[in-house]
Amino acid sequence: MDKSNLNIKDLVRDNILNLVPYSSARSEYSEHADIYLDANESPFDTGYNRYPDPLQKELKKEIGKLKNIGTDKVFIGNGSDEAIDLIIRVFCTPLLEEVLLVEPTYGMYSVSAAINNIGIVRTNLNEDYTLDADRVLNSVTSTTKVIFLCSPNNPSGNLFEPEQIIRILEGFHGIVVIDEAYIDFSQRDSWLQKIDDYQKMIVLQTFSKAWGLAGLRVGMAFSNPSIIQLLNKVKPPYNISSLVQEKVLKSIINDQSKVNDRVNVILRERKKMREELLKLDFVKEIYPSQSNFLLVQVDDPNKTYQYLVDSGIIVRNRSRLILCEGCLRITIGLQEENRRLMEALKSYGKI
Ligand SMILES: *Cc1c(COP(=O)(O)O)cnc(C)c1O
């Protein structure tokens with residue numbers, strides 16, 4: 001464990017450490033008043049004439065209860081994609097420092113790094129998509145600031161072994177991001193439970209997958225309060241709209257059991273799809289999944305992909321990614337959608 005309140009400041013870019021953040025009207029005065037003439041808003045009540053709470057306090061209170069974590073350890077982003085971008089901007093100096101990615105993995109880490117002119121060091125998972133902490137740690141350089149680990153991993157679907165992640169948390173001097181976008185579909189504990197044990201760990205989760213709210217764009221980063229404050233300092237002041245804060249708040253309060261039921265439907269469908277896909281002779285392998293998709297290796301991925309497109313069904317062709325030769329990534333849909341996919345694949349098998 002790593003409980004020292006160490007060198008987080010040493011890891012932050014100087015310009016961010018010294019940054020005086022924009023102070024919005026609503027953050028300078030956040031108490032209740034009768035009359036607000038401070039933010040150049042329209043006084044006419046449209047339902048949305050006021051700026052939203054820049055720190056999303058109501059929403060964080062519900063997220064805190066949901067995740068059993070203090071609200072000072074919660075950051076809310078315009079999707080986890082915003083948190084990914086902010087983490088890179090807080091900790092990595094353009095042209096001088098880099099992030100470390102373990103391929104194959106989620107594409108936004110490298111895109112965000114490239115947009116910010118940050119270097120990328122790449123290493124690979126093992127062939128069975130398990131994580132090798134030694135290989136990761138051996139790839140670290142003196143200018144590596146952030147390691148992104150995605151568990152369950154997109155596109156492979158598997159969770160990484162806790163022992164390997166712990167070795168990276170303990171052996172790396174910089175920030176370790178654990179992206180848990182798919183954790184609600186997995187049987188294992190979230191790293192959130194260890195948030196107080198590792199000061200340089202940031203856990204990402206999202207409302208986009210199991211919660212069914214991808215269109216609202218709400219992601220969460222969990223970490224120690226000093227890292228959360230750095231993210232708050234750099235984010236756009238009003239990054240989550242009032243409408244979205246209200247919608248997510250309502251969903252957390254009203255929909256928890258519905259979300260659980262839906263996850264169970266997805267898990268049941270995932271099991272059924274795996275069994276049926278294995279019966280097709282052009283399917284070579286289906287990788288173990290702790291997420292809402294299956295990575296399926298087929299004989300001719302481009303042809304299978306095109307056949308499905310022509311049948312009106314879109315899956316993700318991942319066959320050009322490293323270690324993903326022949327692979328299609330198939331999201332688990334509604335029962336009827338999955339049935340139609342299987343029907344199409346069965347008739348493809350006959351041509
Ligand atoms: C889908 C996904 C996300 C979610 O991003 P949002 O911006 O919150 O929608 C994050 N990480 C991974 C690995 C994903 O697959």
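Out of (1) in a loop (DSSP other than H, G, I, E, B); (2) open to solvent by 80 Å² or more (accessible area, probe 1.4 Å); (3) closer than 28 Å to residue 263 by Cα, the odd one out for residue 337 is which?
That leaves (1) as the condition not met.
On the basis of being outside any loop (DSSP other than H, G, I, E, B), over 27 Å from residue 286 (Cα atoms) and among the acidic types (Asp, Glu), does residue 163 make the cut?
No: the conditions fail for residue 163.
Inspect the stretch 268-278 for any residue being modelled with pLDDT of 95 or more, open to solvent by 60 Å² or more (accessible area, probe 1.4 Å), closer than 27 Å to residue 331 by Cα and not basic (Lys, Arg) and give the result as yes or no.
Yes, the stretch 268-278 has at least one match.
If you take just the helices (runs of 4 or more DSSP H) that sit entirely in the stretch 1-88, which of them hold at least 3 residues that are farther than 17 Å from residue 241 by Cβ and touching a strand residue (DSSP E or B) at 6+ places or on another chain (Cβ under 9 Å)? Quick ask: steps written out before the conclusion?
Values: elements: 8-11, 14-17, 25-28, 57-67.
Ranges flagged: none.
Here's the yes/no breakdown for (1) touching a helix residue (DSSP H, G or I) at 6+ places or on another chain (Cβ under 6 Å); (2) under 17 Å from residue 152 (Cβ atoms); (3) within 11 Å of the ligand (Cβ to nearest atom):
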| position | (1), (2), (3) |
| --- | --- |
| 182 | no, yes, yes |
| 186 | no, yes, no |
| 189 | no, yes, no |
| 205 | no, yes, yes |
| 211 | yes, yes, yes |
| 216 | yes, no, yes |
| 219 | yes, yes, yes |
| 226 | yes, no, no |
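If you check 295, 308, which single one turns out to be surrounded by 13 or more Cβ atoms within 10 Å (Cβ to Cβ) and assigned to a helix (DSSP H, G or I)?
Working: 295 fails: assigned to a helix (DSSP H, G or I).
Being surrounded by 13 or more Cβ atoms within 10 Å (Cβ to Cβ) and assigned to a helix (DSSP H, G or I) holds for just one of 295, 308, which is 308.
For the stretch 135-159, give me the residue count where each residue is open to solvent by 10 Å² or more (accessible area, probe 1.4 Å), in a loop (DSSP other than H, G, I, E, B) and either closer than 24 Å to residue 322 by Cα or not β-branched (Val, Ile, Thr) (or both).
6
Which of the residues belonging to the stretch 99-109 are surrounded by fewer than 21 Cβ atoms within 10 Å (Cβ to Cβ) and either in a strand (DSSP E or B) or away from the ligand (no atom under 11 Å from the Cβ) (or both)? Please lay out each step first, then the result.
Taking the stretch 99-109 as the starting set, the residues that turn out to be surrounded by fewer than 21 Cβ atoms within 10 Å (Cβ to Cβ) are 103, 106-108.
Result: 103, single match.
For residues that are more than 12 Å from the ligand (Cβ to nearest atom) and either open to solvent by 30 Å² or more (accessible area, probe 1.4 Å) or among the hydrophobic types (A, V, I, L, M, F, W, C) (or both), scanning just the stretch 191-203, find the one that is nearest to the chain's Cα centre (by Cα).
Going through the qualifying residues, I end up with 202.
So residue 318 clears everything in (1) open to solvent by 30 Å² or more (accessible area, probe 1.4 Å); (2) under 24 Å from residue 59 (Cβ atoms); (3) among the basic types (Lys, Arg) except one condition, right? Which one?
(2)
Would you point out the residue of the stretch 7-28, among those that are over 27 Å from the mean Cα position of the chain (by Cα) and closer than 24 Å to residue 78 by Cβ, that is surrounded by the fewest Cβ atoms within 10 Å (Cβ to Cβ)?
Of all residues in the stretch 7-28, those over 27 Å from the mean Cα position of the chain (by Cα) come to 18, 20, 23-28.
Narrowing further to those that are closer than 24 Å to residue 78 by Cβ: 20, 23-28.
Numbers: 20: 6, 23: 10, 24: 16, 25: 16, 26: 19, 27: 16, 28: 9.
By that ranking, first place goes to 20.
So residue 56 clears everything in (1) open to solvent by 60 Å² or more (accessible area, probe 1.4 Å); (2) in contact (Cβ under 8 Å) with a residue 12 or more places away in the chain except one condition, right? Which one?
(1)
The conditions are (1) at pLDDT 90 or above; (2) open to solvent by less than 100 Å² (accessible area, probe 1.4 Å), and residue 68 fails exactly one of them. Which is it?
With (1) at pLDDT 90 or above; (2) open to solvent by less than 100 Å² (accessible area, probe 1.4 Å) applied to residue 68, the lone miss is (2).
Only one residue in 231, 249 is more than 14 Å from the ligand (Cβ to nearest atom), open to solvent by less than 50 Å² (accessible area, probe 1.4 Å) and within 15 Å of residue 62 (Cα to Cα), so which one is that? Don't jump to the end; show me each part of the working.
On the way: 231 fails: within 15 Å of residue 62 (Cα to Cα).
Just a single option satisfies the conditions, and that option is 249.
The values are calculated or read from the model by the stated rules, or taken from the named source; none is laboratory data. Everything numeric in this text was worked out from a predicted model, so none of it was measured. For neighbour counting, all protein chains shown are included, and Cβ atoms are generated from backbone atoms with ideal geometry for every residue, glycine included. The protein model used for the area step is the full one, side chains on, heavy atoms only, and it has no ligands, DNA or RNA in it. Shrake-Rupley method; radii C 1.70, N 1.55, O 1.52, S 1.80 Å.
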